[in-house]
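Read through the structure below, which is laid out as structure tokens, and then see the notes.
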Amino acid sequence: MNGIDILGTGRYLPEKVVTNGDFTSIVDTCDEWIGTRTGMKKRRFADNSEPVWYMGAMAGEDALKAAGIRASDVDMILVTTVTPDFYTPSTACQIQLKLGAKNAFAFDISVACSGVAYAFDMARRYLACDDVKTVLVISTERLSQITNYKDRSTCILFGDGAAASVLQASGKRFSSYLKSDLDGSHLLFAARPVREIPFVDNTAPVREIFPEQEKSNGCIVMGGNDVYKFATRAMPEAVVKACEKLNITPGELDLIIPHQANYRIIETAMKKLLLPIEKCHVNIRDYGNTSSASMAIGLDECVREGLIKRGDMVCVVGFGAGLTYGACVFEY
Ligand code: UT7
């Protein structure tokens, strides 16, 4: 059995809504620019009572409830996040504690906004072995913590939230196509701020892997135009390649749930695939870019709103820092 069964999904979104208009008080921007260039109208921001582990645990609890599964029945917790609250332990271990999932092992993966595609692929590989029967996949992000509020080209893009799925093995159709592109790795990053430490020469220049790394200081740095171009190439490629592995065409997909980075990226990708935009689930207007949580939130919306039904062929497709990209095609 190489496929997955999605038993249930869930999500958590902070209550605080930040509108495009709110940004006009901190940077030189306007609702019209943000709306037409990105498709975004608002996004959610978490406060300190909603750390990343908490949002993830709430989404996980919601998904377990929908699946009718107890936390103690979960064998593996797999978390995707670019904004962990702690260096260690992993967000997955924190969520395990909060949920009381005492029989699970738990770990995080770091693939930025492509999270769900990588996590589903990894989950189904574990599920193909008998000792893992139930996997809880959680994507939880607090981008508002790593946003540079002086940079108008990035600060308007991001939002916070979490979503989760409970997976078990099945004989349903499944394929994946995962890649990371080293040529674009410098285009999108957030580097840990440099600390002064005893015993060493703190004046030694930081050996940089990316040009202008010092600009980051813990916040996102992005070459928006180049990431945009990359995304409009990578997303269709991933969809086509994942479909090819199942001997189907993108036209045979019932729904595509893309990473929500920019409405125009999604529109261009769909044009390249020769598919109508209606074949795509889009929620960018309400939540902005929530990194790996975006596809997970999209999937939960599709499940709960009945936009996908059992037997449908669904594709999740994303791209992000790395530059990672990838798609999973699965029978729901
Ligand atoms: O999750 C994965 C990571 N994120 C992405 O994938 C994002 C990919 N990139 C994008 O979505 C787009 O490149 C952006 C939304 C970031 C930028 O849109 P754009 O259409 O590529 O704009 P641009 O960077 O070419 O900038 C056009 C103009 C510039 O002004 P000048 O130089 O033409 O005078 C910018 O300074 O728009 C200006 N600008 C803004 N103006 C008002 C940039 N940001 C803003 C802003 N408000 N917030």
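Within the set 296, 242, the sole residue that is under 27 Å from residue 164 (Cα atoms) and within 16 Å of the ligand (Cβ to nearest atom) turns out to be 296. Of all residues in region 183-208, those satisfying the criterion of being free of Cβ contacts under 8 Å to residues at least 12 places away in the same chain and not acidic (Asp, Glu) are 195, 197, 198, 199, 200, 202, 203, 204, 205, 207.
Residue pairs whose Cβ atoms lie under 8 Å apart, separated by 6 or more positions or on different chains, with the first residue in region 73-100 and free of Cβ contacts under 8 Å to residues at least 40 places away in the same chain and closer than 20 Å to residue 49 by Cα and the second part of a strand (DSSP E or B) and of a type in the set (Gly, Ala, Ser), are 90/106; 93/106; 96/106. Just one of the listed residues (299, 273) is in contact (Cβ under 8 Å) with a residue 40 or more places away in the chain and either open to solvent by less than 40 Å² (accessible area, probe 1.4 Å) or within 20 Å of the chain's Cα centre (by Cα) (or both), and it is 299.
On the given criteria, is residue 322 within 12 Å of the ligand (Cβ to nearest atom), out of contact with any Lys or Arg (no Cβ under 7 Å at 6 or more places or on another chain) and open to solvent by 10 Å² or more (accessible area, probe 1.4 Å)? So residue 322 passes the test.
Here the condition is being crowded, with 18+ Cβ neighbours inside 10 Å, assigned to a loop (DSSP other than H, G, I, E, B) and touching a helix residue (DSSP H, G or I) at 6+ places or on another chain (Cβ under 8 Å); of 132, 137, 166, it holds for 132 alone. Being open to solvent by 30 Å² or more (accessible area, probe 1.4 Å), within 16 Å of the ligand (Cβ to nearest atom) and touching a Cys at 6+ places or on another chain (Cβ under 8 Å) is a property that residue 36 lacks. Listed by first and then second residue, the pairs with beta-carbon distance under 7 Å, at least 6 apart or on different chains, first residue in region 107-130 and on the phi < 0 side of the Ramachandran plot, second assigned to a helix (DSSP H, G or I) and open to solvent by 50 Å² or more (accessible area, probe 1.4 Å), are 109/122. Residue 149 passes all but one of (1) over 16 Å from the mean Cα position of the chain (by Cα); (2) farther than 20 Å from residue 17 by Cβ; which number fails? Exception for residue 149: condition (2).
In region 140-159, the qualifying residues are those that are charged (D, E, K, R) and buried (at least 23 other Cβ atoms within 10 Å of the Cβ), and the one that is farthest from the ligand (Cβ to nearest atom) is 142.
The values are calculated or read from the model by the stated rules, or taken from the named source; none is laboratory data. Being a predicted model, the structure only gives us computed values, none of them experimental. So basically every Cβ, Gly included, is an ideal-geometry build from the backbone, and we count neighbours across all protein chains shown. To get the accessible areas, we keep the full protein, side chains included, count just its heavy atoms, and leave off ligands, DNA and RNA. Shrake-Rupley method; radii C 1.70, N 1.55, O 1.52, S 1.80 Å.
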